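What follows is a short report on a single structure.
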Amino acid sequence: MTRVRRTVAVVATLAAAALSTTAQGEAHAADGGARASTPAKTTVHLHITGCDRCSVQLQHAVTGNPHVWTSRSKRIGSDQRVVFHVRTSRTKGLSFVLRAPWEGDTGAVPNIVTRYAGHAIDSHVTRKAARHARRAEGCWAGTNVDDVRLGFRVARVPAKTLDGHRTKMPLAYATHSMSSWRPMVKAYKGTIANQDAFYCTKPPVTKLTLTAANCTGCQIGVINGALRAENTWAAEPKTMRNGQVTFRVPRNLTRGITTTVYGPWEGNTGYTALVAWRYAGQKVGDAVAFKTARAASHGSACWAGTSSRSLTIPLTIRKVRTGGNTGPTNGTLAYAQVTQAWLRPLMQADRGILGSQEVITCQK
């Protein structure tokens, strides 16, 4: 089975969530769902260089929602760090307000840029690139994990006050491009700002239904992995009932989706089974027979995504015998019945089984 790079421990938490076992689900049900009444929270660690005396404030303002949530302002410590505890749901569409003691009255409130136009997610951002950027986003797409670390940098650029005097304003940006929501706004010397709140636009979703016969009790998860933990998106794993599960996936994140499968028969395989969207040698649209799948030595766990509002994809999920940590055991073979549009990497398959101990980063 493939071992893919892991650099951030928090991603392991995400992978573990995708591997929730039936026993864990039953334990959760047994406690009466007490934790369900308590909103999940995320500890957000900010590392902000270049502005020790600055203060930062979190804001959640979503277009169409009249309620705007704002955290209390916190001063960046001498260690260049500040920590917030936020409802996990509020991280989706979260913006960052930064105030510097040396900024003049320009009539606008500076925001931290989460991504500049033309910069791929996860890519490193230099000061020069930030300074010359013309368009930018300031809304983080958020996370599902309970602990995340974000890195930002602050520099100074010339500006003018409302009465025409020369001053400085903060050029504040993520050191690595973050997965972001719209809008993409015009940037002034790499800076963005607001006068009320930076309203974020929730992306449209795709209703993705996955079907499979004879897989009642299977736990299915969908993940859009990234090199950096703050850019990885995942849906809460669901248990298949009546032969199907349905997820609502941000449409722009369907590209690069991997799907995890945990069958109720699963033995100690030491890895997570993944859906093969395409086996090597197969073309998009080819029907995939069980015999073909079992003969496959390589396949892709990365789906190329869709622009559709709603889509149903039939899967074949079968209990098969495979090698485990302590000898032969029951494993899971999962693949699309019809070969789907796919992305790299091609992974090694064990008689058709794709599996990994890591969150997969698809080559988008």
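The values are calculated or read from the model by the stated rules, or taken from the named source; none is laboratory data. Remember, it's a predicted structure, so these values are computed and weren't measured experimentally. All Cβ positions, even for glycine, are placed from backbone atoms using ideal geometry, and neighbour counts span all protein chains on display.
Tabulated data for the structure shown
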{"read-out": "Count of residues meeting criterion [in a strand (DSSP E or B), farther than 20 Å from Ala159 by Cα and hydrophobic (A, V, I, L, M, F, W, C)] in segment 179-214", "value": "5"}
{"read-out": "Count of segment 215-257 residues which are in contact with a helix residue (DSSP H, G or I) (Cβ under 7 Å, 6 or more places away or on another chain) and in a loop (DSSP other than H, G, I, E, B)", "value": "3"}
{"read-out": "Tabulated pairs, segment 199-210, first touching a residue at least 60 places away in the same chain (Cβ under 8 Å) and buried (at least 16 other Cβ atoms within 10 Å of the Cβ), second of a type in the set (A, V, I, L, M, F, W, C) and not in a strand (DSSP E or B), C-beta under 6 angstrom, 6+ apart or interchain", "value": "Tyr199/Ala61"}
{"read-out": "Extreme residue, nearest to Thr329 (Cα to Cα), among residues of segment 272-303 that are buried (at least 24 other Cβ atoms within 10 Å of the Cβ) and not small (Gly, Ala, Ser)", "value": "Thr272"}
{"read-out": "From the options Met178, Met169, Met184, residue that is outside the structural domain of Arg241 (by TED's automatic domain parsing) and either surrounded by fewer than 16 Cβ atoms within 10 Å (Cβ to Cβ) or over 30 Å from Gln340 (Cβ atoms) (or both)", "value": "Met169"}
{"read-out": "Unique residue being part of a loop (DSSP other than H, G, I, E, B), polar (S, T, N, Q) and surrounded by 14 or more Cβ atoms within 10 Å (Cβ to Cβ) when the list is Thr306, Thr260", "value": "Thr306"}
{"read-out": "Condition check for Val4: at pLDDT below 95, crowded, with 18+ Cβ neighbours inside 10 Å and among the β-branched types (Val, Ile, Thr)", "value": "no"}
{"read-out": "Matching option when the condition is under 22 Å from Thr209 (Cα atoms) and outside any loop (DSSP other than H, G, I, E, B), among Leu346, Leu311", "value": "Leu311"}
{"read-out": "Counted residues, segment 259-314 - those being of a type in the set (Asp, Glu) and touching a Gly at 6+ places or on another chain (Cβ under 8 Å)", "value": "1"}
{"read-out": "Pair list, Cβ under 6 Å, 6 or more apart: segment 125-153 residue under 26 Å from Ala40 (Cα atoms), other residue modelled with pLDDT of 95 or more and of a type in the set (Phe, Trp, Tyr)", "value": "Gly138/Phe198; Cys139/Trp181; Ala141/Trp181"}
